[in-house]
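Sharing a structure with you now.
The values are calculated or read from the model by the stated rules, or taken from the named source; none is laboratory data. Just so it is clear, the model here is predicted, and its values are computed rather than measured. Cβ: placed from backbone, ideal geometry, glycine included. Neighbour counts: every protein chain shown.
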Amino acid sequence: MFRTLISRFLQGLLVLFVLFTVTFFLIKALPYGPFQTEKAIPDHIREKIESYYGLNESIGTQYTRQLGNLLKGDPGVSLRLEGRPVIEIISQAFPNSLQLGIVAMAVAIVIGIPLGVLAAWKKNSSLDYASMAIAMIGICIPSFVIGPLLAENFGRRLEWLPVMGWSPLSPASWVLPAITLGLGTAAYLSRLTRAGMLETLSQDFVRTARAKGVGSMSILTRHCLRGGLIPAVAYIGPAFASIISGSVVIESIFVVPGLGLHFIKAIEVGDAPVILGIVMLYGTLIIIANFATDLLGLWLNPRLRSSN
Amino acid sequence: MTHRALFLLPLALCLAGCQRETQVEKANREGIMLIGNSSEPKALDLHLVTGVIESKLIGAMFEGLVADDPEKDDGLPPGAAVSWEHNDTLTGWTFHLQPDGRWSDGAPVTAHDFVFSYHRMLHPDLAAPYVEMVYPLKNAEDYNKNRRGKILLTAGAVPNTSWDDMKDVGFGPDAKVDLAPLGESPKWPDLTDDAQRKLFVTAKGLDALPAEALEWILADPAGRYSWPVGTFMAKAKALLTTMAGKASDDLFELAGVGATAVDDYTLQLELREPVPYLPSLVRHYTWFPVPRHVVLKHGKISDRFTPWSLYPNIVGNGPFKLKTWLFHDVIEVDRNPHYWNAANVGLNGIRFLPIENPYTETRAFLSGQLHTTYQLPSDLIKEVRETTPEYLRQEPYVGTTFIRINTTRPVLSDTRVRQALALAIDRQQLCDYIMEGYTPATSLTPKMGSYEPDKVLSFDPEKARALLAEAGYPDGSGFPRFSLLISKPAARASAEAIQAMWKQNLNVLIDIQNKDWGSYISAQQSLDFDMASAGWIGDYLDPTTFLTMWTEGNGNNNTGWHSDRYEELLSGAALEADPAKRLESLRQAERLMMDEYPILPMSWYSRNYLLRPEVKGWHPLLLDNHPYSAIRLEP
């Protein structure tokens, strides 16, 4: 067990290193830089700015400097929001992304898992077909369609909720972005839960339990739920990481001051320190989420423990 | 949280969200204006930015010598200056500052702040991207481009010699010398042998050399640097000694940049050429002051980025001061009690919301979260006009959309071809159906003040076909398949319309090529494109804001086109002190350029946006710089 942990940790470090290197060289391969603007900056000024930020040095020097900075825990300053430390940007934006991600994940779980259990329990009934149809729609319709639809109807027409804006302390401002963001995940979760539950429900021990006269509710919750949720749980970890990192569309539609907007804007201009800072953060999150999922899987599924 | 509580959550959220009073109503009560401002500003340091969104924020927190008039484009109400006068040649201007002018920390705004501000803007080490805006100041360009030799020689700082003696010396970099053998970005201390050093100094030129390099040459001037024939080595030595001695000095004083503080409240500006529109020009934020005492508290004059322009350090001389700044969320300003005209400021504060998505912004406005929007997407204009026409604003704006042509491409280098392409576009249709509210362009510069360019552009498919045939492509046969470069999604519709018009009127087929913003810009700057859809917004109300960019080597030209005659006309206009004659030269220059069609103007901009009726004191303005001090909320 301990050895597995250590090896996973080292694997994670290796992945982060490769991620950093690949991202760095991809940024440097962009055909433009942060100081190539629509209104052209005079050459003598641009050269000066570039030398100020060390962009005129050789790629190798820039690479080692950037890597060194990162190892020291400071990715440097933004070139787009000139001079602002990447740490400041992330520490301002990440809590919002995280909060949105947690609420969206809660939405996904609250909608997705009961829907999947219900569909599996009433297999091939109209309830099953209806919930799976909803799930299919949830998967197929992209958030840039759902978001404006929700905002237009619940925000503008019914005036129940604000159409945009984010306030960490006002739950009303979380609702629409969290639903928009969580819906797709909810749909996947319900399908995975349904599949997992169906598989468990067809096991021999379920038949034995039935034969012994255990009530169907008890079979569902006490005997099957833990095993049936394994596929869904395996999905939750990576889904959580992708919800946090993939909310740029939602952030734009609902004006949530999260990391996604910084990320996209930084890519648009080739703002290397910000891109690298955010990529490394996302990478770390995904590695942690996967690891946590594995641990959770071990706890849920004793069979894995013996084979390991 | 228990399961039951989780299920109740949505209901609780909804109840919390059912507000009776909209945000605009609340803001009306508090006297706060809510403004959609499109995007996060790059910075609030007015020396570091070039954009329009930054100008709105800077306009709330700072004030130039001359203020914006809320109603008239040509109104020049006093700002930081009470009054001003100029000499006969329009090259010397004196501004008398407000005796009550105060920074938002209570310190007086003095002429020294203005001189400091221009000094900082022009400082070679600060590298202000928009510095060319203040080049009209005498000697500003030499100082900013760090022409150290010229400055020292002209100022008489070098004994026994003068600029006339030495002007052919290689002060600037020599592009013909290849530095590659020295490796990537070589530095003086790393170079050891003389051959390497010699290559380095020749390539860089004297102005860019550190003191050690100059001293190295001084040890053997004739052998280590190439001088123009007939240079006296004694003079060269004197020059090198002076340059080495002052290599790390700031040459602002010696350069004689044309900005001086006569006394605390009198600012004297000397210009390199007559600028009749100077009062209008100084309304641009590049001419605004920065607080010397605050900037220097947080760093040196030449430090590119210091916390002086961040909350809570930033201090301005405008009607408002910074209260909150959250990335991609809000920038809020509230009253500056020290503002000289604070008694007449109508608002208690402004919240600028950086809403990137124009559809979200429109939705926010219509549900009562904004007083005004930054933009209205053209596909929503019709709906707004039918449902809530009282909010719709469509106002002329000094900007032009055009197609930039790479005149270095074969076929496109033929003026007849470019003219044919121009004549085959029906601009009226474009404006009626796609660029709603825009006006068909008949030349590049929109009408401003007393300047009106000749009407060159029209829709004439007959003539277009004839010209194309004359150029060797009758009925479009054999015409190469060029592509039209676009970037913004909004540009696609008009690009497709133009594609169809050329197919229909000339039987010429083009492709539309979409690139991300950075690649789109860089393709144009490296002339790696055929045609590109583009736009230009004027910075001030004078035709030069549209015309100077088409000179040879200008970073915004990107057409490969240039003309000596055109540049003669422009420089003739620059030296002309008579405003009417000056505009006439500019009109001729514009005519000359338009007749050669390096660009195909499409339409003149309209600002399409939404505004609530309770906002008073907001009038249509060509530059769209609404002075926030004049705005009142009267629901």
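Of all residues in the range B:369-405, how many are within 14 Å of chain A (Cβ to nearest Cβ), within 23 Å of A:ILE250 (Cα to Cα) and in a helix (DSSP H, G or I)?
2
A further question follows. Inside the range B:379-421, can you point out the residues that are more than 30 Å from B:PHE479 (Cβ to Cβ) and of a type in the set (Asp, Glu)?
Once the filter is applied, which keeps residues that are more than 30 Å from B:PHE479 (Cβ to Cβ) and of a type in the set (Asp, Glu), the range B:379-421 yields B:ASP379, B:GLU383, B:GLU386, B:GLU390, B:GLU395.
Shifting gears a bit: Output the number of residues of the range B:326-343 satisfying the condition of being more than 10 Å from chain A (Cβ to nearest Cβ), surrounded by fewer than 24 Cβ atoms within 10 Å (Cβ to Cβ) and either of a type in the set (A, V, I, L, M, F, W, C) or within 16 Å of B:MET33 (Cα to Cα) (or both).
6
Can you tell me which condition A:ASP74 does not meet? The list is (1) more than 30 Å from B:LEU122 (Cβ to Cβ); (2) surrounded by 15 or more Cβ atoms within 10 Å (Cβ to Cβ); (3) of a type outside the set (Gly, Ala, Ser), and all the others hold.
A:ASP74 satisfies every listed condition except (2).
Right, next: Any residue at all in the range A:157-166 that's buried (at least 16 other Cβ atoms within 10 Å of the Cβ), more than 11 Å from chain B (Cβ to nearest Cβ), within 17 Å of A:VAL249 (Cβ to Cβ) and in contact with a helix residue (DSSP H, G or I) (Cβ under 8 Å, 6 or more places away or on another chain)?
There is no residue in the range A:157-166 that is buried (at least 16 other Cβ atoms within 10 Å of the Cβ), more than 11 Å from chain B (Cβ to nearest Cβ), within 17 Å of A:VAL249 (Cβ to Cβ) and in contact with a helix residue (DSSP H, G or I) (Cβ under 8 Å, 6 or more places away or on another chain).
Quick grid of which residues meet (1) surrounded by 18 or more Cβ atoms within 10 Å (Cβ to Cβ); (2) aromatic (Phe, Trp, Tyr):
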{"site": "B:LEU137", "(1), (2)": "yes, no"}
{"site": "B:LYS145", "(1), (2)": "yes, no"}
{"site": "B:ILE151", "(1), (2)": "yes, no"}
{"site": "B:ASN160", "(1), (2)": "no, no"}
{"site": "B:ALA180", "(1), (2)": "no, no"}
{"site": "B:TRP188", "(1), (2)": "no, yes"}
{"site": "B:GLN196", "(1), (2)": "no, no"}
{"site": "B:ALA208", "(1), (2)": "no, no"}
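Tell me which of these B:VAL295 doesn't satisfy, since it passes every other one: (1) part of a loop (DSSP other than H, G, I, E, B); (2) buried (at least 23 other Cβ atoms within 10 Å of the Cβ); (3) within 24 Å of the chain's Cα centre (by Cα).
(1)
Tell me, which helices (runs of 4 or more DSSP H) wholly within the range A:33-135 include 3 or more residues that are out of contact with any Lys or Arg (no Cβ under 9 Å at 6 or more places or on another chain) and more than 13 Å from chain B (Cβ to nearest Cβ)?
Output list reads A:59-71, A:86-121.
With a cut-off of at least 2 residues that are within 14 Å of chain B (Cβ to nearest Cβ) and at pLDDT 85 or above, name the helices (runs of 4 or more DSSP H) lying wholly within the range A:226-308.
Qualifying helices (runs of 4 or more DSSP H): A:248-254, A:259-269, A:272-300.
Taking the options A:THR185, A:THR193, A:THR200, name whichever one is away from chain B (no Cβ under 14 Å), modelled with pLDDT of 85 or more and touching a Cys at 6+ places or on another chain (Cβ under 7 Å).
A:THR200
Another one. Only residues that are under 21 Å from the mean Cα position of the chain (by Cα) and free of Cβ contacts under 8 Å to residues at least 40 places away in the same chain: list them for the range A:15-46, please.
Passing the criteria: A:PHE17, A:VAL18, A:VAL22.
Moving to a separate point now. Suppose we keep only residues that are outside any loop (DSSP other than H, G, I, E, B) and without any contact (Cβ under 8 Å) to a residue 60 or more places away in the chain within the range B:162-178. Which one would you say is surrounded by the most Cβ atoms within 10 Å (Cβ to Cβ)?
Out of the qualifying residues, it is B:TRP163.
Being within 26 Å of B:ASP624 (Cβ to Cβ), away from chain A (no Cβ under 14 Å) and modelled with pLDDT of 95 or more narrows it down to one residue among B:LEU444, B:LEU484, B:LEU468, B:LEU541; which is it?
Answer to the check: B:LEU444.
Same structure, new question: Can you pull out the residues in the range B:136-161 that are under 16 Å from B:GLY258 (Cβ atoms), more than 27 Å from the chain's Cα centre (by Cα), part of a helix (DSSP H, G or I) and among the aliphatic types (A, V, I, L, M)?
Of everything in the range B:136-161, just one residue is under 16 Å from B:GLY258 (Cβ atoms), more than 27 Å from the chain's Cα centre (by Cα), part of a helix (DSSP H, G or I) and among the aliphatic types (A, V, I, L, M), namely B:ILE151.
Right, here's the next one. Is it the case, given these coordinates, that B:ILE510 is within 9 Å of chain A (Cβ to nearest Cβ) and surrounded by 17 or more Cβ atoms within 10 Å (Cβ to Cβ)?
No: the conditions fail for B:ILE510.
Checking the structure you have, find out if any residue of the range B:591-613 is assigned to a loop (DSSP other than H, G, I, E, B), closer than 30 Å to B:THR373 by Cα and more than 24 Å from the chain's Cα centre (by Cα).
Checked against the condition, which is being assigned to a loop (DSSP other than H, G, I, E, B), closer than 30 Å to B:THR373 by Cα and more than 24 Å from the chain's Cα centre (by Cα), the range B:591-613 yields at least one hit.
Being in a loop (DSSP other than H, G, I, E, B) and at the interface with another protein chain (Cβ under 7 Å from one of its Cβ atoms) is the filter; apply it to the range B:344-368 and report the residue that is surrounded by the fewest Cβ atoms within 10 Å (Cβ to Cβ).
Selected residue: B:GLU356.
Out of the residues in the range B:467-493 that are assigned to a helix (DSSP H, G or I) and free of Cβ contacts under 8 Å to residues at least 12 places away in the same chain, which is surrounded by the most Cβ atoms within 10 Å (Cβ to Cβ)?
Result: B:ALA469.
State the number of residues belonging to the range B:513-531 that are more than 14 Å from chain A (Cβ to nearest Cβ) and either buried (at least 20 other Cβ atoms within 10 Å of the Cβ) or assigned to a loop (DSSP other than H, G, I, E, B) (or both).
The total comes to 2.
Follow-up. What is the residue count in the range B:526-583 for residues that are farther than 24 Å from B:GLY92 by Cα, out of contact with any Leu (no Cβ under 7 Å at 6 or more places or on another chain) and aliphatic (A, V, I, L, M)?
Count: 4.
Additional query: The conditions are (1) part of a helix (DSSP H, G or I); (2) touching a helix residue (DSSP H, G or I) at 6+ places or on another chain (Cβ under 7 Å); (3) within 22 Å of B:GLY245 (Cα to Cα), and B:MET133 fails exactly one of them. Which is it?
With (1) part of a helix (DSSP H, G or I); (2) touching a helix residue (DSSP H, G or I) at 6+ places or on another chain (Cβ under 7 Å); (3) within 22 Å of B:GLY245 (Cα to Cα) applied to B:MET133, the lone miss is (3).
Tally time: how many residues in the range B:234-284 are more than 31 Å from the chain's Cα centre (by Cα), among the hydroxyl-bearing types (Ser, Thr, Tyr) and crowded, with 19+ Cβ neighbours inside 10 Å?
Adding up the residues that qualify gives 1.
Could I ask something else about it? Being away from every other protein chain (no Cβ under 14 Å), of a type outside the set (Gly, Ala, Ser), surrounded by fewer than 21 Cβ atoms within 10 Å (Cβ to Cβ) and not in a loop (DSSP other than H, G, I, E, B) narrows it down to one residue among B:LYS503, B:LYS455; which is it?
The conditions single out B:LYS503.
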